[in-house]
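K.L.:
Pasting in a structure now, in structure tokens, and then I'll have a few things to ask.
The values are calculated or read from the model by the stated rules, or taken from the named source; none is laboratory data. If you're wondering where the values come from, they're calculated on a predicted model, not measured in any experiment. For neighbour counting, all protein chains shown are included, and Cβ atoms are generated from backbone atoms with ideal geometry for every residue, glycine included. Surface areas here come from the heavy atoms of the whole protein model, side chains and all, with no ligands, DNA or RNA. Shrake-Rupley method; radii C 1.70, N 1.55, O 1.52, S 1.80 Å.
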Amino acid sequence: MNEKPTFEDLVGTSDAQQWDNDVSDGELSIVSALANKQVQLAQELASLEEAVKAKKEEFRLTSEQELPEAMQTAGLTEIVLSTGEKITVAEFYNAHISKANQDTAYLWLTQNGHAGLIKNEVSLKFGRDEDSIVQETVLALKSRGLAPEVRQSVHPSTLKAFVKEQLTSGKDIPTEPFGIYIGSKAIIKKD
């Protein structure tokens, strides 16, 4: 049976012996116990986070595949459980723009009158001790001809709403550059 490492095992005995000159055995014992407790808690947290991740995936599969498919097979779009929860199946839309498809997606948005969805971000990075340069740059950015980093993005929620709007109104939108996924999801509401 493996024993859990002690604080002394983790920091090495030579360091622990060196501390004996300044720290009493009782204080070192408390530090050791608390260090072991922290190591144990970190391990428990990692285990719980893995369990939560697995449970979220199980929930996603049930709510997006198993239950909607079972309700569709039974010819149901809505049911009310004896406990009062109302379950309905609704379509949901998901979309994302990958780095590989970014140029194609942005070009399509621009050419089709939706360039306003693309947000531009301009940033410059300065060190902590460069406050005066930051102030000068902010005041004179345009006149100095600086070449700051420019980043474009479309907010994920904005993209999802846009894709849903386009598809539900019957407009044509390319699926590949936007990573469009349309699925059904069981939604549970307590009345």
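K.L.:
Once phi is turned into θ = phi - 60°, what whole-Hz ³J(HN,Hα) does the Karplus curve with 6.51, -1.76 and 1.60 give for every residue of the range 29-39, x standing for Gly and Pro?
P.N.:
Each residue's phi maps through the Karplus curve to give 5, 5, 4, 4, 5, 5, 5, 4, 4, 5, 4 Hz.
K.L.:
Is the range 29-112 rounded, prolate or oblate when judged by the Cα gyration tensor, a ≥ b ≥ c being the square roots of its eigenvalues, rounded requiring a/c under 1.5 and prolate requiring a/b larger than b/c?
P.N.:
Verdict is oblate for the range 29-112.
K.L.:
Treat each spin label as a single point 7 Å out from the Cα along the C-beta direction, and report the LYS190 to ASP129 distance in nm.
P.N.:
5.8
K.L.:
Of HIS114, HIS96, which has the most accessible area and how do the rest follow, probe 1.4 Å?
P.N.:
Final ranking, largest accessible area leading: HIS96, HIS114.
K.L.:
Taking a ≥ b ≥ c as the square roots of the Cα gyration tensor eigenvalues, with a/c under 1.5 meaning rounded and otherwise prolate when a/b beats b/c, else oblate, which class fits the range 36-191?
P.N.:
It comes out oblate by the Cα gyration axes.
K.L.:
In terms of solvent-accessible area of protein heavy atoms at a 1.4 angstrom probe, what is the ranking of VAL80, VAL89, VAL31, highest value first?
P.N.:
VAL80, VAL31, VAL89
K.L.:
Near the amide H of PHE92, under 5 Å away, which other amide H atoms are found, from residues 5 or more places off or on another chain, if H is placed in the peptide plane?
P.N.:
GLY183, SER184, LYS185
K.L.:
So, one more: Calculate, in nm to one decimal, what LEU41 and SER24 gain on full extension: separation in residues at 0.36 nm each, minus their alpha carbon distance.
P.N.:
Result for the pair: 3.6 nm of gain on full extension.
K.L.:
May I ask you to derive the FRET efficiency for ALA115 and ALA74 from their Cβ-Cβ distance with R0 = 35 Å, giving the value to the nearest 0.05?
P.N.:
After rounding, the FRET efficiency stands at 0.15.
K.L.:
Another question, if that's okay. How much accessible area per residue does the range 16-126 have, in Å², with a 1.4 Å probe?
P.N.:
Value for the range 16-126: 74 Å² per residue.
K.L.:
If you roll a 1.4 Å probe over the range 61-183 with all protein chains in place, what percent of the accessible area is carbon or sulfur?
P.N.:
That share works out to 51 percent.
K.L.:
Search the structure for amide H atoms under 5 Å from the amide H of GLY179, placed 1.01 Å from N in the peptide plane, and list their residues when 5 or more places away or on another chain.
P.N.:
So GLY179 has HN proximity to HIS96.
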